[in-house]
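The structure appears right after this line, and notes come after that.
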Amino acid sequence: MDRTTKLALCAAKLALGDANFQVSEENAVDTGVVLGSTNGSVYSVSEFDKKALRDGPYTVNPALFPNLVMCSAPSQVAIKFGIKGLSSTVASGFNSGFSAVQYGINMMRNGHVKYALVGSVEELCEQTYKAFHQLRLLSGSKEGEDELSAPLDRRRNGFVMGEGAVIFMLETLETAKERKVKVYAEISGVFEENSFVNLSRLKPYLNDIDDLADSIRRNNNFNTDGIDFVSIGVNSSKVRDLLETRVVNRFFSDGNDPAISGIKSLVGESFSAANSFQILGSLFCMDTNFIFPTVGLEKMDRCCRVNNLIQKPTSKKVNKSFICSADFGLPVNFLTLEKMNH
């Protein structure tokens, strides 16, 4: 198995253990796995192809071939734990974590599964690093720039990469009560905008962001009342931080100033796994009533200014969280979580 699959297997084992869920013959068909991963096992694919091209196709190890497919991680999770229901990979870039959660919810609503392991995974490897470096998206990848992770700071010049796997156990409140397990939160809202927006001209794009945010609030009766914490997806890149703060300021322009923090300042930009880290961070805040800080910020860029940004560990009761991600091409994605009183 490759690194992506191993990360996913470890996270799945932890999730099942925390949920006190044992896959059995009775529930195996009603249990599914949905993982977000855009790069998948890119390292395995590269090394396998490199060997075949250099030394010939008969020199490669056929036992490594299963690592090359995009569905490798969820499939291996299903095999390892005896899951016989849904098994899918969702690849939608930075927002793959949100997509996996939404897909899992839809499959449950349509009666395909009763329980779903949902989340996302991405490995840090040489190939991924080189790709983002060639695109000049990494901090320090341009001549004369220092490497630093400083979201919202005017010194920021790109992101620092991270990796990992985050997996959650998704089920209905009814089944959770029947199993008498801890419920961290209820997903009270998920929204994904799937229209492509041309980023070649930034100012019109920002106007589209404003219009889209206003449309979401109107059409989904979105109410910011009661939101205590916002998990913002800033990653220390010039454009991404601008988009994220634009969206948050548009949503919370009615005087409600919840606490805001960005977990990517602590764990780096993990691409497809990033949304799941944001969800995890929000659940942590709701479970502990403790908000993690956004680190690395010295002087905030006036174009990325937000109110109530948490810059040191802070105790605060959090009952409702708003998780936001503004990606290129898929402009606005958000998810809201509410603490259960049961």
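One residue stands out among those in segment 266-281 that are of a type in the set (A, V, I, L, M, F, W, C) and either touching a residue at least 60 places away in the same chain (Cβ under 8 Å) or farther than 15 Å from Pro293 by Cα (or both): the one that is most open to solvent (accessible area, probe 1.4 Å), which is Leu280. For segment 137-146, name all the residues that are closer than 25 Å to Ile260 by Cβ and open to solvent by 40 Å² or more (accessible area, probe 1.4 Å). Matches in segment 137-146: Leu137 only.
In this entry, Leu242 passes the filter for residues that are under 20 Å from Gly93 (Cα atoms), aliphatic (A, V, I, L, M) and open to solvent by 20 Å² or more (accessible area, probe 1.4 Å).
Screening Val183, Val160 for residues that are over 13 Å from Ser237 (Cα atoms), open to solvent by less than 70 Å² (accessible area, probe 1.4 Å) and under 22 Å from the mean Cα position of the chain (by Cα) leaves exactly one candidate, Val183. Among residues of segment 30-64 being within 19 Å of Met169 (Cβ to Cβ) and under 21 Å from the mean Cα position of the chain (by Cα), the one that is surrounded by the most Cβ atoms within 10 Å (Cβ to Cβ) is Leu35. Would you pick out the residues in segment 30-63 that are part of a helix (DSSP H, G or I) and either touching a residue at least 24 places away in the same chain (Cβ under 8 Å) or under 19 Å from Ala273 (Cβ atoms) (or both)? Correct list: Val42, Tyr43, Ser44, Val45, Ser46. Among the residues making up segment 240-254, those that are over 14 Å from Leu309 (Cα atoms) and either in contact with a strand residue (DSSP E or B) (Cβ under 6 Å, 6 or more places away or on another chain) or without any contact (Cβ under 8 Å) to a residue 60 or more places away in the chain (or both) are Val247, Arg250, Ser253, Asp254. Which residue out of Asn95, Asn20, Asn67, Asn27 is out of contact with any Lys or Arg (no Cβ under 6 Å at 6 or more places or on another chain), part of a loop (DSSP other than H, G, I, E, B) and open to solvent by less than 60 Å² (accessible area, probe 1.4 Å)? Testing whether each residue is out of contact with any Lys or Arg (no Cβ under 6 Å at 6 or more places or on another chain), part of a loop (DSSP other than H, G, I, E, B) and open to solvent by less than 60 Å² (accessible area, probe 1.4 Å) leaves just Asn27.
In segment 98-128, the residue that is nearest to Phe271 (Cα to Cα) out of those that are assigned to a loop (DSSP other than H, G, I, E, B) and in contact with a Leu (Cβ under 9 Å, 6 or more places away or on another chain) is Glu123.
Here Phe191 fulfils each of the conditions (1) aromatic (Phe, Trp, Tyr); (2) surrounded by fewer than 17 Cβ atoms within 10 Å (Cβ to Cβ); (3) at pLDDT 95 or above apart from (3).
The values are calculated or read from the model by the stated rules, or taken from the named source; none is laboratory data. All values derive from a computational prediction rather than experimental measurement. With ideal geometry, Cβ positions are generated from the backbone for all residues, glycine too; neighbour counts draw on all protein chains shown. All accessible areas refer to the heavy atoms of the entire protein, side chains included, with ligands and DNA or RNA removed. Shrake-Rupley method; radii C 1.70, N 1.55, O 1.52, S 1.80 Å.
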